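The block underneath contains the structure these notes are about, expressed in structure tokens.
The values are calculated or read from the model by the stated rules, or taken from the named source; none is laboratory data. Predicted model, so just to flag it, every value in this text is computed and none were measured. Neighbour counts run over all protein chains shown; Cβ positions are idealised from the backbone, glycine included. Surface accessibility is based on the protein's heavy atoms, side chains included, excluding ligands, DNA and RNA. Shrake-Rupley method; radii C 1.70, N 1.55, O 1.52, S 1.80 Å.
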Amino acid sequence: MNAPRLSIEPLGTAKPDGEGWRTTWRVANAEAESVRIVAVLAPHSQFRGETSLDREVRGKASTQISLVVRTLGAAGGEIENAFVILLVQHGDGRWRILVRLRVPLEEASRPRPRVESVTVQRVGFSGEL
């Protein structure tokens, strides 16, 4: 099966949530077959969060997901080379959707992520998990 073709974009403004910021994302599926999002992760030390999901994105449809992230940095600063990674099930395979971000920090260090690129990797493509 071919790689899934998903696009992802941030929606609205991040909202305070505990000690982090709730970010909302639109995930659109360009394929006819559905995919299942099973996890979302932001691993950067200055833009970090993780959540497990079980969300189907039907073919030619979209969904919204939320991710609470913690940010480090001062208002007016910018976090470079941050990522949001979606782990998805597509057919018999698992895939990582790697969304590279630039994250300006607004007043109160509120993150405003901007997508710079999206790449797709099959989980285990190199013999590793």
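Key figures
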quantity: Residue among V38, V27 that alone is open to solvent by less than 50 Å² (accessible area, probe 1.4 Å), more than 30 Å from A75 (Cβ to Cβ) and either part of a strand (DSSP E or B) or at pLDDT below 95 (or both); calculated: V38
quantity: Enumeration of residues in the stretch 1-11 that are open to solvent by less than 100 Å² (accessible area, probe 1.4 Å) and over 15 Å from the mean Cα position of the chain (by Cα); calculated: A3
quantity: Only listed residue being under 18 Å from P113 (Cβ atoms), in a strand (DSSP E or B) and in contact with a strand residue (DSSP E or B) (Cβ under 7 Å, 6 or more places away or on another chain), chosen from E56, E50; calculated: E50
quantity: Sole exception among (1) in contact with a strand residue (DSSP E or B) (Cβ under 7 Å, 6 or more places away or on another chain); (2) open to solvent by 70 Å² or more (accessible area, probe 1.4 Å) for W21, by number; calculated: (2)
quantity: Candidates G77, G73, filtered to the one that is surrounded by fewer than 16 Cβ atoms within 10 Å (Cβ to Cβ), over 26 Å from S34 (Cβ atoms), among the small types (G, A, S) and touching a Phe, Trp or Tyr at 6+ places or on another chain (Cβ under 9 Å); calculated: G73
